[in-house]
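The values are calculated or read from the model by the stated rules, or taken from the named source; none is laboratory data. Computed from a predicted structure; not experimentally measured. Ideal geometry is used to build each Cβ from the backbone, glycine not excepted, and the neighbour counts take in all protein chains shown. Heads up: the accessible areas ignore ligands, DNA and RNA and are worked out on the full protein's heavy atoms, side chains in. Shrake-Rupley method; radii C 1.70, N 1.55, O 1.52, S 1.80 Å.
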Amino acid sequence: MRYRCPLLSAVFATFAAWMLLSCGPGSPLTPRSGGRPYEVTVVGDSDGLVAGMLSVPVEGLPQEEPCFDVTAIDRSHYGATARLSRHIVVLTADSSRYTRTQLRYARDTYATPQTIVYLNTPSVRQLRADASRVAPRLRGLLSRSERATAIAQLRRSHHQRAEQAVAETFGIHLLVPPALGRLCRGDHFLWLSDDVPEGMSGLCFYTIPLGMDVIAGRDSVMRRNLRGESPGMYVRTVDGSCHRRTVPARGSRATVVRGLWEMTGDAMGGPFVLHATTDSATRVTLVCEALLYAPSVMKRDKLRLLEASLYTIKRNKQTDYGRK
């Protein structure tokens with residue numbers, strides 16, 4: 001004979017309802033998403049058009065690497081496991097529902113962190129016609145999502161001593177990756193790096209005169225401060241390797257440059273990305289830069305993780321940018 005306790009049944013029913021409500025989007029009980037950084041699951045892309053948008057080469061790397069690693073599946077395989085991917089793009093081509101190509105997205109629907117992009121279009125033909133407009137928006141949306149995840153990781157673990165050195169020297173505040181514990185000071189110059197045998201990751205901060213070309217200024221600063229073992233060895237920018245653009249930067253504008261560096265007189269080299277902001281009051285341009293030396297390995301993810309630090313920079317309204 002089975003006995004039933006009304007009180008316990010009510011408790012279990014309440015607990016089950018609470019579990020269902022708590023497992024909603026973005027809740028603490030939402031499972032962790034799967035997949036590696038910059039990996040995207042694309043659903044319904046039978047023509048490979050979306051995969052092509054996401055697989056264009058990253059600017060400023062010494063070897064060709066795609067912006068994203070794409071896993072393509074059809075709708076019949078878009079089940080419980082696939083829905084836990086960290087980034088998903090769902091393509092729907094239906095002229096009865098859509099009159100133009102449009103993007104919308106949702107955060108943390110089935111897992112955390114997660115971004116699902118819904119790419120809706122009347123037809124694949126129309127999407128192909130709109131690709132030049134849609135592709136940059138799609139890549140930008142997913143890149144910002146990955147950057148937000150990297151910044152959240154930095155908030156949990158960062159190097160406070162290195163951050164204090166940057167704040168004292170340049171009057172700016174940022175989150176520094178915990179591995180960058182080596183400090184080197186120079187002429188209005190601060191260099192933070194790790195100490196690993198297989199390569200080097202670093203952030204550097206310096207100023208150049210207002211109005212000076214940022215690459216010419218970079219080469220001048222690097223030649224004085226980042227030298228090799230002999231007098232003829234120094235860091236310089238590889239000619240013709242740079243890509244520039246301007247982006248918003250906390251109420252002002254910043255110049256972003258991606259390119260390659262090399263050690264003159266040595267075989268060392270790798271990619272860099274810098275953010276330069278000007279201040280007419282102090283008559284200087286502040287440059288914050290991420291550099292990477294990682295021979296024989298892929299460099300996209302490592303450099304982007306370093307660059308995430310540059311997006312956490314906050315500066316004092318009045319600062320003397322390294323003129324102390």
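Determine the sum of side-chain charges near Ala82: Lys and Arg each +1, Asp and Glu each -1, restricted to other residues whose C-beta is under 11 angstrom from that of Ala82. Can you show the working numbers first?
Values: positive: Arg75, Arg83; negative: Asp74.
The answer is +1.
Taking 0.36 nm per residue of separation and subtracting the Cα-Cα distance, what length does fully extending Asp187 through Ala131 add?
Once the chain is fully extended between Asp187 and Ala131, it gains 15.5 nm.
Kindly work out what percent of the DSSP beta bridges joining two residues of the chain are antiparallel, to the nearest 5. Intermediate results must be reported in sequence, preceding the final value.
On the way: 58 of 75 bridges.
The antiparallel fraction comes to roughly 75 percent.
How do His159, His77 rank by accessible surface area computed with a 1.4 Å probe, from largest to smallest?
Greatest to least solvent exposure: His77, His159.
Quick one: accessible surface of His173, probe radius 1.4 Å, all protein chains present, in square angstrom to the nearest 10.
For His173, the solvent-accessible surface is approximately 90 Å².
Defining a contact as two alpha carbons under 8 Å apart and six or more residues distant in sequence, what relative contact order in percent does the chain show?
On the way: 614 pairs, mean separation 47.9, N = 324.
Reported as a whole number, the value is 15 percent.
Out of the total accessible area of the chain (probe 1.4 Å, heavy atoms of protein only), what percent is carbon and sulfur?
After summing per-atom areas, the C and S share lands at 53 percent.
Please find the FRET efficiency linking Arg244 to Met212, where r is the Cβ-Cβ separation and R0 is fixed at 22 Å, and quote it to the nearest 0.05.
Taking R0 as 22 Å, the efficiency between Arg244 and Met212 is 0.90.
Would you mind getting the accessible area per residue of the chain, heavy atoms of the protein chains only, 1.4 Å probe, in Å²? Before the final figure, lay out each step's value.
Numbers: 17290 Å² over 324 residues.
The answer is 53 Å² per residue.
Nearest 0.05, what FRET efficiency do Asp195 and Arg32 give at R0 = 35 Å with Cβ-Cβ as r?
Using R0 = 35 Å, I get an efficiency of 0.70.
For volume of the Cα convex hull per residue in Å³, the listed values are (i) 138; (ii) 214; (iii) 154; which was obtained by calculation from the structure presented?
(ii)
All other residues with a Cβ under 14 Å from the Cβ of Gly217 taken together, and with Lys, Arg as +1 and Asp, Glu as -1, what is their net charge?
+2
Starting from the residue with the highest accessible area, list Asp266, Asp94 in decreasing order, probe 1.4 Å.
Output order, biggest surface exposure first: Asp266, Asp94.
Given charges of +1 on the Cβ of Lys and Arg and -1 on the Cβ of Asp and Glu, with all other atoms neutral, how large is the dipole of the chain about its Cα centre, in debye to the nearest 20?
1240 debye
Around Glu59, with a cut-off of 14 angstrom between Cβ atoms, what is the net charge of the other residues, counting Lys and Arg +1 and Asp and Glu -1? Before the final figure, lay out the partial values.
Numbers: positive: Arg139, Arg244, Arg245, Arg258, Lys299, Arg300, Arg304; negative: Glu64, Glu65, Glu307.
Around Glu59, the charge tally is +4.
Taking the Cα centre of the chain as the origin and placing charges on Cβ (Lys, Arg +1; Asp, Glu -1), which of Tyr311, Pro66, Leu190 is farthest toward the positive end of the dipole?
Final value for the positive-end residue is Tyr311.
Quick check: the distance between the Cα centres of the range 127-188 and the range 30-93, to the nearest angstrom?
23 Å
Using only DSSP helix segments of four residues or longer, with each worth -39500 (n - 2.57), what per-residue ellipticity at 222 nm results for the chain after dividing by its residue count and rounding to 500?
-8500 deg cm²/dmol
Based on the Cβ-Cβ distance from Val124 to Glu39, what FRET efficiency comes out when R0 is 25 Å, to the nearest 0.05?
Efficiency computed from Cβ-Cβ geometry: 0.60.
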